[in-house]
1. Over region A:1-70, calculate the relative contact order: mean separation of alpha carbon pairs under 8 Å at least 6 apart, over the residue count, as a percent.
2. Which of these, A:GLY25, A:GLY179, A:GLY146, has the largest mean-square fluctuation under a Gaussian network model of chain A (Cα springs below 10 Å)?
3. Among the listed pairs A:LYS80/A:LYS201; A:LYS250/B:LYS293; A:LYS183/B:LYS129, which are separated by more than 31 Å between their Cα atoms?
4. Explain nothing, just the number: dipole magnitude of region A:84-138 about its Cα centre with +1 on each Lys and Arg Cβ and -1 on each Asp and Glu Cβ, in debye rounded to the nearest 20.
5. Hey, what angle do you get for helix A:114-125 against the long axis of chain A, alpha-carbon based, 0 to 90 degrees rounded to 10?
6. Would you mind telling me which residue in B:ILE225, B:ILE291, B:ILE66 has the biggest mean-square fluctuation in a Gaussian network model of chain B, where springs connect alpha carbons within a distance under 10 angstrom?
7. In a Gaussian network model over chain B where Cα atoms closer than 10 Å are linked, find which of B:ILE207, B:ILE94, B:ILE169 has the largest mean-square fluctuation.
8. Counting other Cβ atoms within 10 Å of each Cβ, which GluC sites (Glu not before Pro) in region A:131-222 have at most 16 and sit in a DSSP loop?
Protein chains: 2
Amino acid sequence: MAKKEIVVGIDIGGTNTIFGFVDRGGNILAEDRLKTNHYEEIEVYVAALYEKIMVASHKIMEEVEIIGFGIGAPMGNINKGTIEYAAGLPWKGIVPLAEVFKRHTTLPVIVTNDANAAAVGEMIYGGAKGMKNFVVITLGTGLGSGFVIDGKLVYGQDGFAGEIGHTAIRPGPSNRECGCGRKGCLETYVSATGLKRSLLKIMADSIEPSDLRSYSFNELDAEIIHEAAKRGDYLAKRAFEHTGRMLGFKLADVVAHTNPEAIFLFGGLALAKDLIFEPAKEYMEENLLSIYKGKVKLLPSELSTQNAAVLGASSLIWTMKESNF
Amino acid sequence: MAKKEIVVGIDIGGTNTIFGFVDRGGNILAEDRLKTNHYEEIEVYVAALYEKIMVASHKIMEEVEIIGFGIGAPMGNINKGTIEYAAGLPWKGIVPLAEVFKRHTTLPVIVTNDANAAAVGEMIYGGAKGMKNFVVITLGTGLGSGFVIDGKLVYGQDGFAGEIGHTAIRPGPSNRECGCGRKGCLETYVSATGLKRSLLKIMADSIEPSDLRSYSFNELDAEIIHEAAKRGDYLAKRAFEHTGRMLGFKLADVVAHTNPEAIFLFGGLALAKDLIFEPAKEYMEENLLSIYKGKVKLLPSELSTQNAAVLGASSLIWTMKESNF
């Protein structure tokens, strides 16, 4: 009997790397992860990742055959197979990821931006099925984004289009510092880290009592703030509101630039539902030109938080196979 | 002998409407104009425009045959043939331009955004020949823009993509009022009118002497300020610098969104050359993420100020003819 073909989809995040064995139908047969930030050397990281994939594949190897590796990573460049100046990853400068990976395999390896991978995942397997013009925004430690226009992912001239996390929310040097070296990037406001930073400022300005006053910055995370907001904590609710408004303000720009049918929010912060969607929607609408008002859907991703990028990254290999073989 | 086929390209601006008879090679055989803002009723305007076109065509009618009308207008919608809520035009709300125009002719009539028309003109006849990813920004009374991605003009879901003039330069209610009803739009800073508004603010804050202090707001225009800047007028130079910086700040966002090979500036303000290009380039580069730095060309349009939109609008008909006939 012929073995079933599968692709290894890999999602490289600042904290974790998640990979899954994905069949043609988008089913993930097995999945595992390793800590991205434990590896300072890209060569050591790739070797550890490849070994972990091989170990995980061992159990299913009798039934399946790996046909390629699709990798999503922040600042991943599909043209060159590189990761370039990714602020949230341990490796600095331009990292030749595909090249290093290919020392371990002769199979095809494709690298792309993690949010672009999530957008492709949403298009093929999620809520954007059948849509031609939409945007996916991934809200994790940072903020990633991918644009689909006329049914195709937008790469631009150098493969770096669709990046809104590092556009500035306002000009001026007195703004929040970003890991990318700039100031006032959207990501410094709209991300799990941005939410924490906003909470601290609100806490400093206010005298409202809050359980959150007993947490250090390092102890806080989006989930703790989310739980507090659900209990009615004033500071936590204000932090979510501020985050949502900053997002909504920028989404008005995104709509004017790409005029999408829908914008999908994906990742940890999106799980806070109305706490983030309501102020984002309200402030987006408030800032939209009348021709766009009431036309753009702001929706939660229909893929579970961990699988969209894995599915999307794997689909790069399926697409390549169909067009080239 | 068969008559030469021509298209009437029409560029509707806030002040003037310009039309030209364009052949397949992009040559404008004849050209004329009428005052847009003299007509409060769209029906009366279209009737006057159509009549003027017929009169102008009379002289060349023995050699040529009109095969269609391509119209570029602010907020022109290619899907519906409408102009929708164009702040700078006399007609309010949704104007069924193509429908009104077709009361006069059975030939094809296509309406599009004027800046999109300019982008197509630049791609077919100007400096963007052979480019796949670029942006055209038209700087007139207002600010228009068109995005080309992967060789195709970006329309988006409802035909209104690529609009940067009405994205806000910063959040907040204390900003400059825009004709669109919002506050702080890029157009209120970066346009001939925006330049005047910036000049007034700078004049108010400064005690520097300047010839421009003897002009009223209504008397001032971009050309007067440009001439003053060339003479070394401090206030005029500061006004251009501010305009260029605001443009550059926003261009950094445009680059992050679309990752173009080049951005073309077109129209009156672009004629001020270094006065606008230098601060725009400098501030764009300063605000770019490292992956984009030094890669995006900021260029003047290679088409004369009045012809890009006429050429681009006419090319819509040629493209339609080639794909449908």
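The values are calculated or read from the model by the stated rules, or taken from the named source; none is laboratory data. Quick caveat: nothing in here was measured; it's all calculated off a predicted structure. Because the Cβ atoms are built from the backbone with ideal geometry, glycine has one as well, and the counts that use them run over all protein chains shown. Please note that ligands, DNA and RNA were not included when accessible areas were found on the heavy atoms of the full protein model with its side chains. Shrake-Rupley method; radii C 1.70, N 1.55, O 1.52, S 1.80 Å.
1. Averaging sequence separation for qualifying contacts and normalising by length gives 40 percent for region A:1-70.
2. A:GLY25
3. In this structure, A:LYS80/A:LYS201; A:LYS183/B:LYS129 lie more than 31 Å apart at Cα.
4. With Lys and Arg at +1 and Asp and Glu at -1, about 100 debye.
5. 80 degrees
6. Most flexible of the set in this elastic network: B:ILE291.
7. Highest fluctuation of the listed residues: B:ILE207.
8. A:GLU219
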